[in-house]
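The values are calculated or read from the model by the stated rules, or taken from the named source; none is laboratory data. It should be emphasised that the depicted structure is a prediction, and the values quoted were computed from it without experimental measurement. Cβ: placed from backbone, ideal geometry, glycine included. Neighbour counts: every protein chain shown. Surface accessibility is based on the protein's heavy atoms, side chains included, excluding ligands, DNA and RNA. Shrake-Rupley method; radii C 1.70, N 1.55, O 1.52, S 1.80 Å.
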Amino acid sequence: MILLDGKATSKAIKEEIAAEVNARRERGLKTPHLAAVLIGEDGASQTYVSSKVKACERIGFVSSLIRKPSSTSQEELLQIVQELNEDDDIDGFIVQLPLPKHIDEQEVLLAIDPSKDVDGFHPENVGRMALGLPCYLPATPYGIMQLLERYEVPTSGKNCVVIGRSHIVGSPMSILLSQNNEPGNCTVTLTHSRTQNLESIVKNADILVVALGKAEFVTGDMVKEGAVVIDVGITRVPDASKERGYRIAGDVDFASVSEKCSFITPVPGGVGPMTIASLLKNTLQAAGDKRN
Ligand code: NAD
């Protein structure tokens, strides 16, 4: 079994980006600038945004964090998005999801200039991804594709099963892995909460991408011998033995599944760090050949 080490791989990617930032400076090109908008006080969102901002600082990007209370109105948020769209110094920005219930997420995502949409959530980028055109790939699927590529995991002709059909993970994963690309060229089955006989479908998977948000849902008896297992899940499970009162669990029972598979991502240290590295790659792409 080979561990798909997202921590080490993302570190390597960040070093490559940092070198690129230095090379850009020497050529008189602009230092990439990522902005993040955080609405409300959700603990997990605060953690995600602060790791993104810290990652920017470490690799030499400029970063801006715009924090607003959960009482922020949709109009105020749309105004912030508009200002970021128009600010030439900002190459890319993200609006951290989920947003408070009174804000229409779709309307906010639609208002983002697709050329600054480094999360890859705007319909224009999603459509371009589906057609295999240049675009910003959504960060988590992009990170998984890079892990598969860098570990040279064979994908062509393989049976791939994706569990979960969210717009940010499951659905784009199913599209990317079915495309005529390397990695790619899989025969993909996308499964979800209404899927019947999930276990028998999963048992056929040469490559299994698990993104349903249920701790340790996939167990060793469900997985084919030699399968490649990508665990996207991040769930806080109460654990009194930990100082913070919880532990982070994936959607895969690592102990039983790792005994059967050829490659597996750990949680933490697998897909999570790759997501941030991909966001940084998208921001570098957004800065393009702009000059200071
Ligand atoms: P989501 O919560 O939006 O949707 C879950 C999906 O799972 C749905 O499509 C649903 O149909 C499916 N599902 C639910 N129960 C099922 C069942 N019993 N059998 C089959 N399918 C079932 O999903 P999401 O936003 O993609 O998040 C999934 C998990 O991945 C969460 O734990 C989330 O925290 C994590 N996540 C991690 C990263 C990362 O960077 N590592 C990024 C995004 C999401």
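Observations
- On the principal axes of its alpha-carbon atoms, region 141-292 has extents of 54, 45, 29 Å, going from largest to smallest.
- For region 154-292, the solvent-accessible area works out to 47 Å² per residue, with a probe of 1.4 Å and every protein chain left in place.
- Relative to the longest principal axis of the Cα atoms of the chain, the long axis of helix 43-59 lies at roughly 70 degrees.
- Spread of Cα-to-Cα distances over 10 Å intervals beginning at zero, given as percent, for region 183-255: 18, 46, 24, 10, 1
- A straight Cα-to-Cα reach below 21 Å connects Lys290 with the lysines Lys14, Lys30, Lys116, Lys281, residues fewer than 8 places away in its own chain not being considered.
- Debye-sum result for region 29-112 in log10 I(q)/I(0), which assumes one identical scatterer on each alpha carbon, at q = 0.12, 0.15, 0.20, 0.26 Å⁻¹: -0.34, -0.53, -0.91, -1.34
- Taking N as the residue count of the chain, its C-alpha radius of gyration divided by 2.2 N^0.38 Å amounts to 1.01.
- With all protein chains in place and ligands, DNA and RNA left out, the 1.4 Å accessible area ranks Ser174, Ser50 as Ser50, Ser174, largest first.
- Cysteines, the chain, no other Cys beta-carbon under 4.7 Å: Cys56, Cys135, Cys261
- Probing with 1.4 Å while keeping every protein chain in the model, the per residue accessible area of region 29-112 equals 47 Å².
- Most mobile listed residue (Gln96, Gln106, Gln46) in the chain, GNM with C-alpha springs under 10 Å: Gln106
- Nonpolar atom fraction for region 29-112, defined as the carbon and sulfur part of the 1.4 Å probe accessible area, stands at 49 percent.
- Rounded tilt (10° steps) of 271-287 against the dominant C-alpha axis of the chain: 40 degrees
- Of all the options Ala12, Ala36, Ala55, the one that moves most in a Gaussian network model of the chain with Cα springs shorter than 10 angstrom is Ala12.
- Ranked packing of 276-287, 80-91, most packed first, by mean Cβ within 10 Å: 276-287, 80-91
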